[in-house]
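The values are calculated or read from the model by the stated rules, or taken from the named source; none is laboratory data. None of the values given here were measured: they were computed from a predicted structure. Cβ atoms come from the backbone with ideal geometry, glycine included; neighbour counts cover every protein chain shown.
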Amino acid sequence: MTASLAHIVHDPVLDRLEAVVGSERFYRTEEGVDSFGDPFWPSDDTTRRAGAVVEPETVEEVQAIVRIAAESGTPVWTFSQGRNNAYGGPGAVVGGSVLLSLRRMNKILDVDPERATALVEPGVRFFDMYDHLREQGLPLWSSAPDLGWGSIVGNALDHGVGYTVHGDHASRMCGLEVVLPDGELLRTGMGAMGRSGAWQAHPRAYGPSADGLFTQSSLGVVTKMGIWLMPEPECYLSGTIAVPRKEDLEPLIDAIRPLMLNGTIQNQPAIGHTLFVASIIDGAPSRAEVYDGPGPVPEEVVLPLAEQLGIGRWNMRFALYGPQGVVRAKMRRVREAVAHIAGVRVAGEEFAGSEVHEKAKDQNAQVQAGIPSLDLMKALDWYSGPGGGHLDFSVVTPLRGASATEVHAMMDREMAGTGIDWDPAMILSGRCMINVAQLYFHPEDNEKARRVFALAPGLVRSARELGYGVYRTHVALMDAAAAAYDFNDHAQLRLNERLKDALDPAGVLHPGKQGVWPARYRDALAGA
């Protein structure tokens, strides 16, 4: 689809965009543009190459850029940091788009220690917020995903997750500032008042709430976001549960669900496969040492490796927070809940909240305290060699053990005979879980990369047959993901198209994002 719709940006438009920000913040050469491309896309396929990259530093510059795009019909694709490489990084759906990079808009505008709130620009990384809170000596934690180099704003807008109490990042948003497709500036929630003293304190305003329109959206460019922070707890326990058999996954998930619903476990636990855990353990055997045959590592090799490393066939991390007595009582309940699983091992490391930053050493303990890192990048190198890549296929199911094994069985069927390494991980919340299948390849192996991307639409359709959909996906697969949401002849997609046409009649902001195409692209596709 995108190759036939590739856009050519003409020099007069490029000159106008460059005049907004200056030559030092504008890239139009092939070398400059390619440095902002999707790092895992096959390198010999240039159909998605951008036409230019522009880096504003102010809201007024963003407004000017959007107005030029609307006047000239130039497609614009926005990213905050563009680091989520498993989903396309900074790459656009439509080739030739102007990439609107918000990396230079990186100010932490306010932190309120009394209300535990902050106001940030889209270029602020998880690392930046963590460092700011530490430098200011504030007893506040910010949630972070497994890789901390991304944008707080971008991650929340794409429904990303972290692993503290506030791990559902979209739900901790509180007030947005948005440049609309015509360049007009909007503030949501209590920020809709000209003089507001509660913008980051209360997420809704008077009347309909518009914030959700700008998550996974092509309806605006978010230039500020309010977020909620977590007060530092008196006591924090980073826990692990390891079970020894593949079939133990179902009883583990079913045992944890009541603890999440009743608030014993308040964060988002994650469950990892033996191989993924092994890939980030210093001194563990390499992929070639574990198995050098064709295709994925077989089960008969996985179990001995787990025994060798002293880990489980499934390995769950979880966290407990609160007064020390409460934390210890909760830990007893966790142990009791999983005691019926033969061979289960439960462990926990306890920290004073004020000391965790100096004393937490492993990645599990750090990320569940909001301490960002890049440790999980080791997995890419373990599977595919230095500079490895991956594609994430992320399906939402109910929080039931049977649902997880159902999705894994589907993946086993679909991946059989492909020769592609993959591993399953699960991120749990009280009522649902995100089942993340990570498909590994090396970006320099164009043939294998193409096979991985060619597989993904079939995975989306197979999940749909089970009644499950992805919650986000790579930019090249957005049409396939949107097609799965087909109730009442795709009523949701048709509504999104109506909103798109009303708010962005020029059809220039993020065409094709989440499978939503402006009218002029839909017309072109219909005639193709």
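Data for the structure
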item: Any hit, the stretch 417-424, residues being in contact (Cβ under 8 Å) with a residue 12 or more places away in the chain, touching a Gly at 6+ places or on another chain (Cβ under 7 Å) and crowded, with 16+ Cβ neighbours inside 10 Å; result: no
item: Criterion: farther than 30 Å from A70 by Cα, polar (S, T, N, Q) and outside the structural domain of A352 (by TED's automatic domain parsing) - qualifying residue of S218, S196, S279; result: S196
item: Helices (runs of 4 or more DSSP H) lying entirely in the stretch 455-528 (those with 3 or more residues that are over 30 Å from S101 (Cβ atoms)); result: 487-503
item: Which numbered condition C432 misses (of (1) of a type in the set (A, V, I, L, M, F, W, C); (2) modelled with pLDDT of 95 or more; (3) under 18 Å from L459 (Cβ atoms)); result: (3)
item: Failed criterion for M410 (all others in (1) over 22 Å from the mean Cα position of the chain (by Cα); (2) outside any helix (DSSP H, G or I) hold); result: (2)
item: Any hit, the stretch 235-257, residues being among the aromatic types (F, W, Y) and surrounded by fewer than 21 Cβ atoms within 10 Å (Cβ to Cβ); result: no
item: Verdict on H442 being within 27 Å of G385 (Cβ to Cβ) and either modelled with pLDDT under 95 or surrounded by fewer than 17 Cβ atoms within 10 Å (Cβ to Cβ) (or both); result: yes
item: Given (1) farther than 26 Å from T215 by Cα; (2) hydrophobic (A, V, I, L, M, F, W, C); (3) buried (at least 20 other Cβ atoms within 10 Å of the Cβ), index of the condition A481 fails; result: (1)
item: Residue within the stretch 279-299 that is crowded, with 21+ Cβ neighbours inside 10 Å, part of a loop (DSSP other than H, G, I, E, B) and modelled with pLDDT under 95 present; result: yes
item: Filter result for the condition that a residue is modelled with pLDDT under 95, within 25 Å of G515 (Cβ to Cβ) and either of a type outside the set (A, V, I, L, M, F, W, C) or outside any loop (DSSP other than H, G, I, E, B) (or both), over S218, S209; result: S209
item: Residue within the stretch 6-17 that is modelled with pLDDT of 95 or more, outside any loop (DSSP other than H, G, I, E, B) and within 25 Å of E121 (Cα to Cα) present; result: yes
item: S394 within 19 Å of R461 (Cβ to Cβ) and either part of a strand (DSSP E or B) or within 21 Å of the chain's Cα centre (by Cα) (or both); result: yes
item: Candidate set from the stretch 484-511 (those that are closer than 29 Å to A64 by Cα and in contact with a helix residue (DSSP H, G or I) (Cβ under 6 Å, 6 or more places away or on another chain)); member that is surrounded by the fewest Cβ atoms within 10 Å (Cβ to Cβ); result: D501
item: Filtered residue count, the stretch 122-155, keeping only those that are of a type in the set (G, A, S), assigned to a loop (DSSP other than H, G, I, E, B) and in contact with a strand residue (DSSP E or B) (Cβ under 8 Å, 6 or more places away or on another chain); result: 5
item: Boolean, L303 is among the hydrophobic types (A, V, I, L, M, F, W, C) and farther than 30 Å from G370 by Cα; result: yes
item: Any hit, the stretch 119-139, residues being among the small types (G, A, S), free of Cβ contacts under 8 Å to residues at least 12 places away in the same chain, over 18 Å from F214 (Cα atoms) and surrounded by fewer than 23 Cβ atoms within 10 Å (Cβ to Cβ); result: yes
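Residue-by-condition table, conditions (1) in contact with a strand residue (DSSP E or B) (Cβ under 9 Å, 6 or more places away or on another chain); (2) within 23 Å of V153 (Cα to Cα); (3) outside any helix (DSSP H, G or I); (4) in the same structural domain as W199 (by TED's automatic domain parsing):
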residue	(1), (2), (3), (4)
E31	no, no, no, no
P42	no, no, yes, no
P56	yes, yes, yes, no
I65	yes, yes, no, no
Q81	yes, yes, yes, no
A92	yes, yes, yes, no
